[in-house]
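Below is one structure, written out as structure tokens; comments come after it.
Computed from the coordinates by the stated procedures, all read-outs in this text should not be read as laboratory data. Note that the structure is a prediction, hence the values are computed from the model and not measured. Cβ atoms come from the backbone with ideal geometry, glycine included; neighbour counts cover every protein chain shown.
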Amino acid sequence: MASAVNHLRAETAEELLFDRSFRTRWRLGFDKAIGWVLPLLFLVAIIPILDLVYYIASQALPTFTWTVLTSTNPYDPDALGVPIETTAAIMLFAIALAVLLGLFGGVATAEFLPERAAGWVRMAANMLVGTPSVVLGYFGYFLFVITFGWGLSFIAGSVTLAFFMTPYIFRISDLAYSSIPRPIREAAYGSGARPYQYVLRVGAPIAFPQILNGVFLALAIGVGETAPIVLTTTQSVIFPPTIYSPVTFLTGTIWENFSQPAGSPSLSLAFQAALLLMVVVVALNILVRVISARYQKRLEGLYQ
Amino acid sequence: MSAQNTGGTTQTEQLSTPMKRRSGGMSVGVAVAIAIVLLIVGIAGGYFLGKSTNSSTSSSTINLTETGSSLLYPLFKNYWFPNYTASGVVLSAASTGSGTGQSSAELGLVNIGASDGYLTNASTTNLINFPVAISAQLIYYNLPAPLNAVHLNLNGSILAGIYSGSITTWNNPEILAAQSSTVAGELSAMSAQTIYPVKRSDSSGDTFLFTSLCYMSDAAFPYPVSTSGLSGFTGTNVLTGTGNSGMVSTAQGQVGSIAYIGISYEASAAAAGLEYAAVGNNATIANGTYAAAADDYILPTTTTISNDANLGLTRLDFATYGLAVSLILGGSYAGAVTLVHGGGGSNAAAGVDAYPIVNLEYALIKTLPGGTVVTAAALAATVAFMHWALTYGNYNSAGSASAWINGVNFVPLTPEVIGYDNVELASVSGIS
Amino acid sequence: MNATPTAPRHRAYGATIGRIVPFVPALIPMAILVGIVVELLISSKLTNFGWGFWGSIWDPPSQWGIAVFIAGSFLTALPALFFAMAIGLGIAIASTTYLPGWITRWLDPFVDLLAGIPSIVYGIWGYLLVAPFFGSVINPALYAHIGFIPGFGGLAPRADGLGLPVGVFILTLMALPITTLLIRDALRSVPRDLWEAGLGLGATRWETVRHVAIPYGSRGILSAAFLGFGRAFGETVAIAMVLNVVASYPTNVYGSTGTMAAEMFLSLDSAFGNTQWLAALSEMALVLLAISLAVNIIGRRLVARIVTYEVPGL
């Protein structure tokens, strides 16, 4: 710092204000330069994504007709109708089960568990979220397909996926109920509410948007999962599935067909499935953020 | 104090709640006990849910599932299944490799398992396996012009050398010795191009078939072990592909690669710019020297494949070995080979060209219903389909190969084999 | 206000239904976790493969050494973590310090959206577009120009580009939203007055970030590293598609190896019915689970608040 203006011993304001020493200019210049360079790193994230979207769209759209989405002809090589319907069926069943398990668990943790136990339970939920999906797929395969004897079936895939989505719902409902403002909680209990009354009548309307958010989020994450589904189901061409029948999932369609030679209809099917999947996931994610924003406003309104 | 949502994150402080239920240790203990009880009930329920050989498939459509060999997959998926005429039955195909086909059928996870190789202990798991078609395997390579328009001459010995690593470049003298002089010249004019052998990464009947050829041609090549045959592939530069389609993609992506690909993928391999070899039958090395005569190296055509199949089938001893045979290895798994090789060979009649890599394609089905997939109704439908496949699937009304068999370049089964198949099918319980 | 309200006296104490029942559903995540471990232990039949299990040769159906896959998992995840942290740090700093609010308001959610893209979509893009690009442009360029550095020379890279470079690239893209999110969060949690104090003392923005914000948020940044690593470590499908999974060590930067997750995913099909193979795979699953959970726990401990993130795997 020898060559710099010593800010503690400067004698005039002019000295401070017009500090033209090399070091200071270098520092300011560096700061400015970094201010231009670092935002460019955004491009490192954005350009590959745009390229990905463009590539998938450009490969899928040329052969994309309305019938691709609607045709349920089992032997049409270019039909996504059956995978779409079976994916919807699987997700419906799985999310119902996940909500059943996760919602009650989350509310119980938020409301009724003492803090130490709640800490353990939350850690378990976080650990579950961090489990690689292939391990869950193995669990589903060994337990449901083999031990329970359900075979490679709709129910094996759905239940495995439900277990995958449960911790997300669990965490969100826990968070939703934990973040209900204290005055409201105190008012409810102070008026003589019993716990279940509090949960149902007071807490639910407040927590509902956030939990709904969590459901959409879990759906977005679950529909993009490949490993748990591929390991517990096998290909099928019909809809509706019965409880034990094999099913086709959108990601399973992509997985089956991505290594087909270029130009074959199976490969375009994979791209179309990928495009559809991306659209659905992005739509769900945007929905989640929109609900977040609206919920935020609503909560603030409650506080006035 | 309230929850903050900031673009993707939600965080909250620890809120101490005055009305949290105070619980003693006993409550938690009882809760854990109840949870365990519920868990056991749930597990038992799931277990018995699976055990009930269900009549829950009251829907009118029977869905039969098939999985296994990627060599058979195009025939099933594109030709037989869509054109099967029985109503109320829908068939789904999946391409996962012969090993998976075998084990899935064993475990009762699918109705039909497809495999390029026979399963020897099928009867212990109530399975029968029987041929449904005759296929062939081609050797494809990815070389620059002008070699991508020329059929190289290769034989089992050279292939064994390539995959076990003793032959590493395309201008190796062994390879050159087998070619005609023009082709040999073109090969040696290429600067020493490395050979990249491509193998299957899944448990594959194609691998079994290919290693059978290598085993029969090269004394040092280890005996093929069911459908992996991986222990013989000790060369460096070995690439992998998943399924026959993956083999095409991998070979397409690497110049100098060589891959064994089923004939049902001929169109896509050609579209990928690959070329196939003329394969020498073992007569070319029976004398210990490589013959370079053009007619010792056979191109795969319907005729040459049929010739090899016919020759092989006449030599197989069905009475002793049943249907668990291989056209290359001969009559029994344990290697008590009754022929030098299954088809073609040193006793081939003069003028009969027989393409060596020809194989019986097997389907595996259960003989008894059991479990959620192989129900009695599904088993009956499966057997009905098999009868259809063995008749209409193989032969059209004029008595020649059906259009579907031709579509994948297979050849139909001989009537003799079909007869044996019918005997097998009759052993399925309750079906005639 | 009165003192904290207590439970009404007329309510019975002891183990009433109302006090027990709520606890049961709360145990669900633990039950699932325990169930996974128990099931894997059962299917592995506690087979003792001996010390060879930690050896380097994986050759079903005879040899069961998983060291190759453990090494492969780390070999792919660690470089990806490095790049994801570097880029994530840069983006987070840019977003919190340099860019005006009207830009970050939409740019940040856009980067977060990256996290939502399913891994199989990354995989198909990687396999069909990025890998050939690496194979025809990037790898040969590296090989030709910096091939003298050990590791960058040796065996020529494959023409189809499948291998470590593209694998690390895809994993970086997948870990990036997580690291960015967490580092941004850590930087945003720096109190305003600390920030302004730094600026007030005459430090430039960069210096404030470097000397004030980053040390303050170092726990959060460290947790970003752990959780991003956990994501990259457990990634299955994209790696299975883009890395040419083989059970061997790569000879140079362009080679391929296998990761635990990808090998587990790809070979379950082949292992049907072979109890020994299934046992080996189950034990590999347990190892994978143990490492993932350890990384996760450490990463979460560093963030001492209740946080959830709307990101898969976080």
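Highest first, please rank the peptides C:88-96, C:277-285 by the mean number of other Cβ atoms sitting within 10 Å of their residues.
Ranked from most to least packed, the peptides come out as C:88-96, C:277-285.
Can you work out the Karplus-derived ³J(HN,Hα) for every residue in the stretch B:104-114? Use 6.51 cos²θ - 1.76 cosθ + 1.60 with θ = phi - 60°, whole Hz, and x for glycine or proline.
5, 5, 4, 7, x, 7, 9, 7, 10, x, 10
Is it possible to state the helix-based mean residue ellipticity at 222 nm for chain A, with each DSSP H run of 4+ residues giving -39500 (n - 2.57), the sum divided by total residues, to the nearest 500 deg cm²/dmol? What is it?
Taken over chain A, the calculation gives -23500 deg cm²/dmol.
Taking amide hydrogens as modeled 1.01 Å from N in the peptide plane, which residues meet the under 5 Å criterion relative to B:V132, leaving out close sequence neighbours?
Residues meeting the amide H criterion: B:E361, B:Y362, B:A363.
Just rank A:V282, B:V110, B:V150, fewest to most, by other beta-carbon atoms within 10 angstrom.
Least to most surrounded, the residues fall as A:V282, B:V150, B:V110.
May I ask you to list the aspartates and glutamates whose Cα is less than 14 Å away from that of B:K77, ignoring any residue fewer than eight positions away on the same chain?
Excluding near neighbours in sequence, the set is A:D76, A:D78, A:E256, B:E66.
Given the stretch C:92-170 reduced to its alpha-carbon atoms as identical point scatterers, what log10 I(q)/I(0) does the Debye formula return at q = 0.14, 0.16 Å⁻¹?
For the requested q values the scattering log ratios are -0.66, -0.74.
What average count of beta carbons from other chains do you get within 10 Å of the Cβ of residues in B:362-370?
Across the residues of B:362-370, the mean count of other-chain Cβ atoms within 10 Å is 0.
Could you sort the peptides B:210-216, B:168-174 by per-residue average Cβ neighbour count (10 Å cutoff), highest mean leading?
Averaged packing, sorted descending, gives the order B:210-216, B:168-174.
With chain C treated as a Gaussian network of Cα nodes joined by springs under 10 Å, which of C:L107, C:L289, C:L176 yields the largest mean-square fluctuation?
C:L107
I need the phi-derived Karplus couplings for the stretch A:46-56: 6.51 cos²θ - 1.76 cosθ + 1.60, θ = phi - 60°, integer Hz, Gly and Pro marked x.
3J(HN,Hα) across the stretch A:46-56, in whole Hz: 7, 4, x, 5, 4, 4, 4, 4, 4, 5, 4.
Among B:D308, A:D31, C:D112, what is the fewest-to-most ranking by other Cβ atoms within 10 Å?
Least crowded to most crowded, the residues run A:D31, C:D112, B:D308.
What Kirkwood hydrodynamic radius do you get for the stretch A:18-63 when you take the inverse of the mean 1/r over all pairs of distinct Cα atoms, in Å?
Hydrodynamic radius (Kirkwood, Cα only) of the stretch A:18-63 equals 13.6 Å.
Roughly how crowded by other chains is peptide A:175-183, in terms of the mean Cβ count from those chains within 10 Å of each of its Cβ atoms?
5
Nearest 0.05, what FRET efficiency do B:V423 and B:L38 give at R0 = 45 Å with Cβ-Cβ as r?
0.30
Over all residues in A:104-116, what is the mean tally of Cβ atoms on other chains that come within 10 Å of each residue's Cβ?
For peptide A:104-116, the averaged partner shielding equals 6.
Could you check which residue among C:V168, C:V121, C:V295 shows the biggest mean-square fluctuation in a GNM of chain C with a 10 Å Cα cutoff?
Checking each option, the largest mean-square fluctuation is seen for C:V121.
Please report, in Å, the Rg and the Dmax of chain C, where both are computed over Cα atoms only.
24.1, 84
Could you check the simple spin-label distance between A:R194 and C:S248, using points 7 Å along Cα→Cβ, in nm with one decimal?
Those two pseudo-labels are separated by 7.0 nm.
In whole percent, what relative contact order does the stretch B:114-208 give with Cα contacts below 8 Å and a gap of six or more residues?
Normalised by residue count, the contact order of the stretch B:114-208 is 32 percent.
Taking the alpha-carbon set of chain A, what are its Rg and Dmax in Å?
26.9, 88
At a threshold of 8 angstrom on Cα-Cα distance, excluding pairs fewer than six apart, so keeping six or more, what relative contact order does the stretch C:49-305 reach in percent?
Over the stretch C:49-305, the number comes to 27 percent.
Using a simple spin-label model with points 7 Å from Cα along the Cα→Cβ vector, what separation in nm is obtained for A:F208 and B:E174?
A separation of 7.6 nm, rounded to one decimal place.
In percent, what relative contact order does chain A have, based on Cα pairs under 8 Å that are 6 or more apart in sequence?
After rounding, I find 23 percent.
Starting from the 7 Å offset along Cα-to-Cβ, what nm value, one decimal, do you get for the label separation of A:T67 and A:I286?
Result: 3.0 nm between the two label points.
As a test of the definition: which semi-axes, in Å, follow for the stretch C:150-262 when you take the square root of five times each eigenvalue of its alpha carbon gyration tensor? Largest first, please.
40, 16, 10
Can you list residues from other chains, or at least 5 along the same chain, whose modelled amide H is less than 5 Å from the amide H of B:E275?
Residues meeting the criterion, in which the H sits 1.01 Å from N, are B:Y141, B:L143.
Round to the nearest 0.05 the FRET efficiency obtained for A:V37 and A:A57 when R0 = 45 Å and r is the Cβ-Cβ distance.
Computed FRET efficiency for A:V37 and A:A57: 0.90.
Among C:V34, C:V137, C:V212, whose mean-square fluctuation peaks in a Gaussian network model of chain C (Cα, cutoff 10 Å)?
Of C:V34, C:V137, C:V212, the most mobile in the Gaussian network model is C:V34.
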